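*Asks:* Let me begin by handing over the structure; questions about it come next.
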Amino acid sequence: MERIHAFGDDALGDLDAVALVDALQAGTVSAAELVAAAVARTEALNPALNGLAYEAFDRARNRANAPRPYGGYFNGVPSYLKDNVAVADMPTMSGTDAWDPRPEPADGDFAKGFLATGLVPLGKTQLSEFGFSASAEHPRLGPVRNPWNTEHTAGASSSGSAAFVAAGAVPIAHANDGGGSIRIPASCNGLVGLKPSRGRLPLDKDVRRMPLRIVANGVVSRSVRDTAAFYREMERAYANPKLPGIGDVTHPAKQRLRIAVCTESIARDASPEVRELTLKTAALLEELGHQVTTIDNPVPSRFMDDFLLYWSFLAFALVRSGRHGFGPSFDRAKLDSLTLGLEQHAARNLHRLPLAIARLSRIRRITSRLTSTYDVLLTPTLADVTPRIGHLDPTADYQQVIDRLVEWVAYTPLQNATGEPAISLPLAESASGLPVGMMFAAPLGQEARLLGLAYELEEAKPWRRIQD
């Protein structure tokens, strides 16, 4: 097993983003030194990990050398944005090469808030084509590899961001989640990944037009406090009055929770190894004084068919409007088999789509009944350990790939449909030494509850570090 990281004795050290803010404020490092170290680390890591989609190193250096690059709490801390949000003067390619790159004329709504926190982007990170696969393995762009073992996937469409954070290029990076793509790469790479409530953070206008807004922006980080600080700072830039505030969560919560544990997903039970690791996490929660109850999965099996149809409809809309959306250079022949297979699945089943969307929109009635009894739901983040590169090869037969996707990504889509928050924490490890995430979900607007619990678990069972 080849483990790749760039932690060393440069300006970044092994500090998280909050510690770097402290160092900047104390004057022991400068923003320019942090950016230089992050650029050097990226250049060292990227040949092995392939996480970089667009390089904006000179722009980052210029920002870091300005008196105050952006303002905001994280002012001067290097980071990355995922290559499916609009950032002024950077192209947005969404994990494909099906059209010619062109720079965006302005920052999108999410990038405006992200930049307002002070984070300095070094560029954009790679994803699976349009984010449809749970493994970024583009036939021409190449796979994004897991730094814990480069023979394995870094997981989902936020894989480039997660690989760079886990390997130490930057302490925190943008991720987003339409079916698990904050939580899946957090699980695969040993990171903290919180998918927030629907409406918690801004979305770019193209995503806001979705009939059902399953996508949420967020970050992946190596510490709970980095994730908590990011949401605190984003809340200062953008607060949704329809949701309870998160506030400044800085320590474990004292409240003992009623926690339901479920190892059975909508599609399948977890593998024996992942099931055992989940039950060990449940036992830890009981040791900490929480009330833990094992439950059966209450969600009807048709949920996965409905979610897949809606997922396929998003591919249908993108492919059929390709030239209008991406310009005259759009060439559908350059799309991978998974994207085209999803488009064809939607085309064959468009008559079923309205009812599927209606059922997905009502699914929170089921989880609301669950959360009237329990404060938090614990499941594994994924049904099995992280697969090798090639298991989800998007050029393979569509049915093979989609069957494998549904089997592996069996837990995360639920919260995309309900809009509820969920966090993956790196609390477990497979027999082969790869990180395994545990997922905790809460009612709409209760990110603070999840962060308080996450602090407690991080303190009780500190997660393994790639550099140790």
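The values are calculated or read from the model by the stated rules, or taken from the named source; none is laboratory data. All figures in this text were calculated on a predicted structure; none of them were measured in a lab. Don't worry about glycine lacking a Cβ; one is built from the backbone with ideal geometry, like all the others, and counts go over all protein chains shown. Each accessible area value is taken on the protein alone, full model and side chains, heavy atoms only, with ligands, DNA and RNA left out. Shrake-Rupley method; radii C 1.70, N 1.55, O 1.52, S 1.80 Å.
*Asks:* Rounded to the nearest 10 Å², what accessible area does Thr263 show when all protein chains are kept and the probe is 1.4 Å?
*Replies:* 20
*Asks:* Show that you can apply the helix-only estimate: for the chain, add -39,500 (n - 2.57) for every DSSP H stretch of four or more residues, divide by all residues, and state [θ] at 222 nm to the nearest 500.
*Replies:* -11500 deg cm²/dmol, from helical runs alone.
*Asks:* Pairs of alpha-carbon atoms within less than 8 angstrom and 6+ residues apart define the contacts here; what relative contact order does the stretch 17-460 have, in percent?
*Replies:* Once divided by the residue count of the stretch 17-460, the mean separation gives 18 percent.
*Asks:* Check which residues have an amide H placed less than 5 Å from Glu429's amide H, if you skip close sequence neighbours.
*Replies:* Val436
*Asks:* Rolling a 1.4 angstrom probe over the protein heavy atoms, how many square angstrom per residue are accessible across the chain?
*Replies:* Here the residues of the chain average 37 Å² of exposed surface.
*Asks:* Ordering Thr395, Thr96 from largest to smallest accessible area (1.4 angstrom probe), what's the sequence?
*Replies:* Most to least solvent-accessible, the answer reads Thr395, Thr96.
*Asks:* Where Lys and Arg each count +1 and Asp and Glu each count -1, what net charge lies around Gly123 among other residues with Cβ under 14 Å from its Cβ?
*Replies:* 0
*Asks:* At a 1.4 Å probe, what is the % contribution of carbon and sulfur to the accessible area of the stretch 17-460?
*Replies:* Answer for the stretch 17-460 is 49 percent, counting heavy atoms of protein chains only.
*Asks:* Hey, how many Å between the Cα centroid of the stretch 359-380 and the Cα centroid of the stretch 4-23?
*Replies:* Rounded to whole Å, the Cα centres lie 38 Å apart.
*Asks:* To continue, here is another question. Note the direction-averaged projected area, equal to a quarter of the hull surface, for the Cα convex hull of the stretch 325-468, in nm².
*Replies:* Quarter of the Cα hull surface area: 12.7 nm².
*Asks:* Debye sum, Cα scatterers, the chain, no solvent: what log₁₀ I/I(0) at q = 0.09 1/Å?
*Replies:* Reported log10 I(q)/I(0), two decimals: -0.52.
*Asks:* Please work out how much length the chain gains when fully extended from Gln400 to Arg208, using 0.36 nm per residue of separation minus the C-alpha to C-alpha distance, in nm with one decimal.
*Replies:* So the extension gain works out to 66.0 nm.
*Asks:* In whole Å, what is the distance between the alpha-carbon centres of the stretch 85-157 and the stretch 387-442?
*Replies:* Each part reduced to its Cα centre gives a spacing of 19 Å.
*Asks:* Once both labels are modelled 7 Å past Cα along the beta-carbon direction, what's the Asp97-Asn349 spacing in nm?
*Replies:* 3.2
*Asks:* For Ala19, what charge total do you get from the other residues with a beta carbon under 10 Å from its beta carbon, if Lys and Arg give +1 and Asp and Glu give -1?
*Replies:* -3
*Asks:* Also, I was wondering about something else. Which value, in Å² rounded to 10, gives the accessible area of Leu52 with a 1.4 Å probe and all protein chains present?
*Replies:* Approximately 40 Å² of Leu52 is accessible to the 1.4 Å probe.
*Asks:* How much of Trp148 can a 1.4 Å solvent probe reach, expressed as accessible area in Å² and rounded to 10?
*Replies:* Result for Trp148: roughly 10 Å² accessible.
*Asks:* Quick one: ranking Asp397, Asp296, Asp97 by accessible area, 1.4 Å probe, largest first, what do you get?
*Replies:* Asp296, Asp397, Asp97
*Asks:* Along the Cα→Cβ direction, 7 angstrom out, place labels at Arg302 and Arg332. What is the inter-label distance in nm?
*Replies:* 3.0
*Asks:* Follow-up question, since we're still on this one. Kindly sort Tyr238, Tyr231 by accessible area of their heavy atoms, largest first, with the probe set to 1.4 Å.
*Replies:* Tyr238, Tyr231
*Asks:* Sum up the charges of everything whose Cβ sits under 9 Å from the Cβ of Asp109, counting Lys and Arg as +1 and Asp and Glu as -1, but leave Asp109 out.
*Replies:* Local net charge: +1.
*Asks:* In Å, what is the Rg of the alpha-carbon atoms in the stretch 130-230, and how long is Dmax?
*Replies:* 13.3, 38
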